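Data first, discussion second: the structure below is written as structure tokens.
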Amino acid sequence: MTTDLSRIVALVPVRSLDGAKLRLGEPLDAEERADLILALLRRTVDAALAAESVSGVVVVSKDEDLLGRARELGAASLLQQSDGLNEGLDEARIAARAEATAVVVLPGDLPDVTPGAIDLLAEAAQAALLSAPDRPVVVLVPDHHGTGTNALLVAPPAAIGFEFGSCSRAAHAAAAEAAGATYVEIAGPLSFDVDTPADLLEADRRGLDHEAGR
């Protein structure tokens, strides 16, 4: 069966607003951290909905208030029942399976996300299918540290398991190889995420607006 990219659903996992991004430490208090999470969520959902390659967006979280915000932005929402990032993504993938021929995971901490940056993953997947149309495809954007995964396209949706966490770049590559999938890595703006105080300062330099209401 030829791998199909006609209906790519974006999965956006977001932790709860309470205690969100605690690793940012002193630069932000709890309210400012919540504002940051909401600002990044808005940016991610807006970009995904505007991307030509994306047919739908599902935000998965344990935070009902955050999911309400996601629905206001036009995304579908899923209240996570399990614990853990990969488990939540599995729930979202199952929820999207009736619609999706592929999924793209966009963690909600990417300040440089744009519709074009998301479409680059689909373009890379489409290029891979030209040489091997019957093989699954995995496209990954590494984080700026070189060990993590900042965006991940998987076609078909269940071609590999999600391996987010420590050294996820290598884990996803190994999973793609084991599945016989074509594996592609691309660089670009999605390689930068906000995870530490230094990242926050860099995001400020790039013009990230923390105020979710703006």
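The values are calculated or read from the model by the stated rules, or taken from the named source; none is laboratory data. Quick caveat: nothing in here was measured; it's all calculated off a predicted structure. Here the Cβ positions follow ideal geometry from the backbone for every residue, glycine too, while neighbour counts run over all protein chains shown. The accessibility values were calculated without ligands, DNA or RNA, using every heavy atom of the protein model including side chains. Shrake-Rupley method; radii C 1.70, N 1.55, O 1.52, S 1.80 Å.
Observations, loosely collected:
- None of 146, 88 is open to solvent by less than 40 Å² (accessible area, probe 1.4 Å), touching a residue at least 12 places away in the same chain (Cβ under 8 Å) and at positive phi except 146.
- Cβ-Cβ under 8 Å pairs, at least 6 apart or on other chains, the range 101-114 side on the phi > 0 side of the Ramachandran plot, far side of a type in the set (A, V, I, L, M) and not in a loop (DSSP other than H, G, I, E, B): none
- For the range 22-40, taking the residues that are modelled with pLDDT of 75 or more, surrounded by fewer than 24 Cβ atoms within 10 Å (Cβ to Cβ) and of a type in the set (A, V, I, L, M), the one that is nearest to residue 190 (Cα to Cα) is identified as 39.
- Tabulated pairs, the range 121-133, first open to solvent by 20 Å² or more (accessible area, probe 1.4 Å), second modelled with pLDDT under 95, C-beta under 8 angstrom, 6+ apart or interchain: 133/2; 133/3
Per-residue answers, yes or no, for (1) of a type outside the set (D, E, K, R); (2) open to solvent by 70 Å² or more (accessible area, probe 1.4 Å); (3) part of a loop (DSSP other than H, G, I, E, B); (4) at pLDDT below 80:
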residue	(1), (2), (3), (4)
1	yes, yes, yes, yes
20	yes, no, yes, yes
47	yes, no, no, no
57	yes, no, no, no
67	yes, no, no, no
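- Test: residue in the range 166-188 that is open to solvent by less than 30 Å² (accessible area, probe 1.4 Å), outside any helix (DSSP H, G or I) and either more than 18 Å from residue 126 (Cα to Cα) or modelled with pLDDT under 85 (or both): no
- Residues satisfying the stated conditions in the range 110-120, i.e. open to solvent by less than 20 Å² (accessible area, probe 1.4 Å) and not in a helix (DSSP H, G or I): 110, 111, 113
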